[in-house]
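Just below is one structure, and these are the notes that go with it.
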There are 2 protein chains.
Amino acid sequence: MAEVVIYIAHSVDGFISDRSGGLDWLAPFEGYDFGYDRFVAGVDAVVMGSNTYRVVRSQGDWPYRGRSAIVMTKGAPIDGDGLAVFDDRTPAELVQDLIHAGRRRIWVVGGGGVIRAFIDARLVKRLILFQIPVLLGGGASLWPPGKRKTELKLLRATTHLNGVVETEHEIG
Amino acid sequence: MAEVVIYIAHSVDGFISDRSGGLDWLAPFEGYDFGYDRFVAGVDAVVMGSNTYRVVRSQGDWPYRGRSAIVMTKGAPIDGDGLAVFDDRTPAELVQDLIHAGRRRIWVVGGGGVIRAFIDARLVKRLILFQIPVLLGGGASLWPPGKRKTELKLLRATTHLNGVVETEHEIG
């Protein structure tokens, strides 16, 4: 059974990048083993928005080699180096196509607008969040307004030694 | 040592009231013992904004009897029944005055704008949050943009049997 999963770090006040659009605020929490390697080993497709794609590319090495990578954009392709496919289809169309192509675990990387669109389209099965113990006060929000209410079922909450609270919710 | 504390329930996507401004979405979680009685027994002053005051008054019985209750408003007093004092001073002035009057534990009830103002003014010592397992998709945000970044220290995370994740953070 294929599934779509969200896996992302956010501040206690719900931001995923700081006011400058960057991820520097996460630096004090790097190097700690949150189980990312195990998570990403189980993922065979990644989907992201164009802003997230640009942030990932600016960080250096492309981290999603060996996986289908889709960048959702209505505009022209951002790069031509073949690391990602630029696609203007809807979340439902994308997921249907990825599953048809044999992908089993699809990670919607971000940002907030893309994540909300997949949740509102009832495509997401699992929500894994890392709450970082900081209030950023501004930046890109993980949770722009959505279209509907969605009930969640808490599967687990894990308290990491560095104060990060990881939660895993299932969506009905 | 007097302290200012935040204690509030919010959806996973950071809303504290639903699109209609109400608290009906919390109904499935009422009746469960989150330790509220013990918390409120230790509080001798409450501070809130005018919207929060109106929501509390609309719920029936005034729940803060025997405590100093301050409603922050720049406008005219909303009621004249003496349950609350209407005050146009800043967070720093209010806290100074409450402490001077012998109050030891001041609960900033809400809403989001008032909470952010107290945090940005570096007046808050403790942040107790109840994350309810639902995405509301819209409503009043717990976290409107603020003025600064604030580091937090996680003291504990408690997983309740109904899927609510309670966290307690200390500030500086």
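Nothing in this text is a laboratory measurement; each read-out follows from the coordinates by a stated rule. Note that this is a predicted model, so its numbers are computed, not measured. No Cβ is skipped: glycine too gets one built from the backbone with ideal geometry, and neighbour counts run over all protein chains shown.
Taking amide H atoms as placed 1.01 Å from N in the peptide plane, the amide H of A:F15 lies under 5 Å from those of A:L136, A:L142, each 5 or more residues away in sequence or on another chain.
Taking other Cβ atoms within 10 Å as a rough exposure proxy, A:D87, A:D81 sort from fewest to most as A:D81, A:D87.
Taking every DSSP bridge with both residues inside the protein assembly as shown, close to 45 percent are antiparallel.
Straight-line reach from A:K147: taking Cα to Cα under 19 Å and skipping same-chain neighbours fewer than 8 places apart, the lysines in range are A:K125.
Each Cα pair under 8 Å and six or more residues apart adds its separation to the average, and for chain B the resulting relative contact order is 35 percent. Peptide B:5-15 has a mean shielding of 4, counted as Cβ atoms of other protein chains within 10 Å of each residue's Cβ. In plain terms, the residue of B:F118, B:F130, B:F39 with the fewest other Cβ atoms within 10 Å comes first and the most crowded comes last, giving B:F39, B:F130, B:F118. Sorting A:T73, B:T52 by the number of Cβ atoms found within 10 Å of their own Cβ, with the fewest placed first, yields A:T73, B:T52.
Shortest first, A:D120 label-point distances to identical copies amount to 2.8 nm, with the label point at 7 Å from Cα along Cα→Cβ. Rg and Dmax, both from the Cα atoms of chain B and both in Å, are 15.5, 44. Spread over its residues, the convex hull of the C-alpha atoms of the protein assembly as shown is 146 Å³ per residue. Peptide B:136-142 is shielded by partner chain Cβ atoms: per residue, an average of 5 of them sit within 10 Å of its Cβ. Placing a label point 7 Å from Cα along the Cα-to-Cβ direction at B:G75 gives distances to the equivalent points in the other copies of 4.3 nm, listed shortest first. Under 5 Å between amide hydrogens, built in the peptide plane, is the criterion, and for B:G110 it picks out B:G49 among residues at least 5 positions away or on other chains. With both labels modelled 7 Å from their Cα along Cα-to-Cβ, the A:S58 to A:A101 distance reads 2.7 nm. Distance between the modelled labels on B:T90 and A:L161, one decimal in nanometres: 4.2 nm (7 Å Cα→Cβ projection).
Entry note, the stretch B:6-76: relative contact order of 27 percent, from Cα contacts under 8 Å with a spacing of 6+ residues. Largest first, the three principal axis extents of the alpha carbons in the stretch B:81-172 are 40, 31, 28 Å in whole numbers. Only beta bridges with both residues in chain A are counted; by DSSP, about 40 percent of them are antiparallel.
For the peptide A:123-131, the mean number of other protein chain Cβ atoms found within 10 angstrom of a residue's Cβ is 2.
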